[in-house]
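Note sheet for the following structure.
The values are calculated or read from the model by the stated rules, or taken from the named source; none is laboratory data. Quick caveat: nothing in here was measured; it's all calculated off a predicted structure. Cβ: placed from backbone, ideal geometry, glycine included. Neighbour counts: every protein chain shown. Surface areas here come from the heavy atoms of the whole protein model, side chains and all, with no ligands, DNA or RNA. Shrake-Rupley method; radii C 1.70, N 1.55, O 1.52, S 1.80 Å.
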Amino acid sequence: MQYIDNIIFFIALVIGFGLFFKSLKEIYRNIQLGKESNRSDQKSKRWETMAKVALGQSKMGKRPIAGFFHVIVYVGFVIINIELLEIIVDGIFGTHRFLAGIFGNSLYGSFTATLEILAFLVIIAVVVFFIRRNFYGVKRLTMKELFGWPKHDANWILIIEFALMVAFLTMNSSDWVLQQRQVLAAHGSFPVSSTLLGPIFQNFGDGTLIYTERGAWWFHFIGILFFMNYLSYSKHLHIILAFPNTWYANLEPKGKFNNLDSVTAEIKLMMDPNADPYAAAPDADPNAVPEKFGASDIFDLKQVQLLNAYSCTECGRCTAVCPANITGKKLSPRKIMMDTRDRIEEVGRNINKNGKFVDDGKKLLDDHIQREELWACTTCNACVEACPILIDPLSIIIEMRRFLVMEQSAAPQELNQMMTNIENNAAPWQYNQADRLKWASE
């Protein structure tokens with residue numbers, strides 16, 4: 001019976017990590033539904049970009065106050081969870097503060113003191129974020145696409161982080177009092193918890209303190225497993241996916257659009273003076289599926305675009321700088337990414353249910369993203385520039401516009417008229433080419 005705690009711990013650990021990796025496997029499968037895209041060039045530049053943007057949080061400084069608190073939460077939460085290694089070893093083998101034996105008392109004291117200070121800063125930061133998100137009235141955090149689950153999700157994450165940090169300090173404080181009473185061996189330095197909670201726990205008996213310390217320890221451990229598995233349902237999946245997302249970011253100059261290979265080949269053939277205009281076309285593969293222009297559903301998007309959708313933090317920086325949204329248009333780049341992820345998840349549930357995708361009569365276009373949203377975009381790249389983890393909403397908008405124009409001939413009347421004028425007059429305006437220079441004689 002003395003090993004019952006260790007057995008329960010091990011079972012919880014296996015179940016928690018098993019479910020987590022199962023969720024990651026499904027997300028990977030869903031991303032693979034997109035078209036392959038080659039983003040393996042310029043490897044040194046990609047590693048540098050990932051280190052600077054994802055690890056170094058370089059783009060968060062553009063909004064210094066929010067960026068400062070975000071860095072605190074990011075650094076604090078990541079470093080504090082290094083202690084998860086100690087918790088795992090202690091839980092499996094029944095040890096207490098395993099790292100103290102490796103680090104030595106002096107280094108371990110500095111380590112635990114650093115963790116305590118960071119935990120306290122994280123508590124302050126998440127309280128500030130909670131107040132700011134719910135009571136301060138920041139416009140990009142109160143838009144209609146955040147109504148319902150997205151808003152609740154953001155709040156739940158803040159509450160979970162707050163609870164985990166409080167449990168961490170509670171565990172340390174009760175441990176510290178027990179060490180002062182020589183019930184436990186003296187390991188670590190606890191400047192925050194001993195000051196804030198120590199006077200309260202000094203009034204508790206040894207038995208109560210042991211149960212308090214063990215309860216907080218178990219709460220912290222189970223809370224980490226819960227948080228880890230909650231990520232796959234949350235916008236906070238960016239904690240993990242920000243790294244591959246920035247590595248696979250588009251390194252081409254902003255504003256450079258990709259060309260369709262089939263169209264490029266036709267244009268080169270037309271421009272080739274040695275080409276025989278009467279030559280018979282090469283025999284086509286009768287089993288080949290005709291190439292689809294643009295995208296109407298997630299299957300037509302590239303894998304990196306689906307990765308973008310899963311990585312979106314829903315922070316709204318893209319929408320806050322979008323000129324279309326600012327001037328009252330329906331477009332919100334954040335909503336484009338949220339809708340894309342919703343459709344991916346919808347398709348994923350379909351596959352889970354049927355073993356493969358069964359046509360559900362829905363598409364990303366019209367069922368999730370409306371045409372009015374797509375045509376409101378000015379393609380200015382402000383959203384791409386603003387994203388803290390290099391997500392590219394514009395690429396999805398362009399692909400869906402391409403489908404509307406080249407597959408459905410469903411461009412707005414103004415755009416169709418412009419393209420007709422270019423075809424007939426070699427200019428966007430409805431003037432005969434012979435009349436072009438008349439302005440000079442006026």
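Quick check, is VAL384 in contact (Cβ under 8 Å) with a residue 60 or more places away in the chain, closer than 30 Å to PHE243 by Cα and either of a type in the set (Asp, Glu) or not in a loop (DSSP other than H, G, I, E, B) (or both)?
So VAL384 fits the description; yes.
Among the acidic types (Asp, Glu) and either at pLDDT 80 or above or in contact with a His (Cβ under 8 Å, 6 or more places away or on another chain) (or both): which single residue out of ASP300, ASP276, ASP285 fits that description?
ASP300
Table: residues versus (1) in a helix (DSSP H, G or I); (2) open to solvent by 40 Å² or more (accessible area, probe 1.4 Å).
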{"residue": "LEU237", "(1), (2)": "yes, no"}
{"residue": "ILE240", "(1), (2)": "yes, yes"}
{"residue": "LYS256", "(1), (2)": "no, yes"}
{"residue": "VAL263", "(1), (2)": "yes, yes"}
{"residue": "MET270", "(1), (2)": "yes, yes"}
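Could you tell me which of the residues GLY207, GLY215, GLY188 is over 30 Å from PRO388 (Cβ atoms), open to solvent by less than 50 Å² (accessible area, probe 1.4 Å) and not in a helix (DSSP H, G or I)?
GLY188
Out of everything in region 404-429 that is farther than 30 Å from LEU301 by Cβ and either among the acidic types (Asp, Glu) or in a helix (DSSP H, G or I) (or both), what residue ends up being most open to solvent (accessible area, probe 1.4 Å)?
Step by step, filter region 404-429, then rank; the result is ASN424.
All but one of (1) over 26 Å from the mean Cα position of the chain (by Cα); (2) hydroxyl-bearing (Ser, Thr, Tyr); (3) at pLDDT 90 or above hold for TYR310; state the number of the condition that does not hold.
Against the list (1) over 26 Å from the mean Cα position of the chain (by Cα); (2) hydroxyl-bearing (Ser, Thr, Tyr); (3) at pLDDT 90 or above, TYR310 comes up short only on (1).
Listed here are the residues, each with its yes/no results for (1) touching a Cys at 6+ places or on another chain (Cβ under 8 Å); (2) open to solvent by 70 Å² or more (accessible area, probe 1.4 Å); (3) polar (S, T, N, Q); (4) within 26 Å of ASP342 (Cα to Cα).
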| site | (1), (2), (3), (4) |
| --- | --- |
| ARG371 | no, yes, no, yes |
| ALA376 | no, no, no, yes |
| LEU390 | no, no, no, yes |
| ILE397 | yes, no, no, yes |
| ARG402 | no, no, no, yes |
| TYR431 | no, yes, no, no |
| SER441 | no, yes, yes, no |
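Does at least one position in region 220-231 carry a residue that is free of Cβ contacts under 8 Å to residues at least 12 places away in the same chain and open to solvent by 60 Å² or more (accessible area, probe 1.4 Å)?
no
Find the helices (runs of 4 or more DSSP H) located wholly in region 61-170 whose residues include 2 or more that are touching a residue at least 60 places away in the same chain (Cβ under 8 Å) and surrounded by fewer than 16 Cβ atoms within 10 Å (Cβ to Cβ), and list them.
83-93, 105-134
Considering only residues of region 1-40 that are of a type in the set (D, E, K, R) and within 30 Å of ASP90 (Cβ to Cβ), which is modelled with the lowest pLDDT?
Here the residue is ASP5.
Collect the residues in region 328-349 that are closer than 18 Å to PHE147 by Cα, in a loop (DSSP other than H, G, I, E, B) and open to solvent by 10 Å² or more (accessible area, probe 1.4 Å), keeping them in residue-number order.
Selection gives LYS330 alone.
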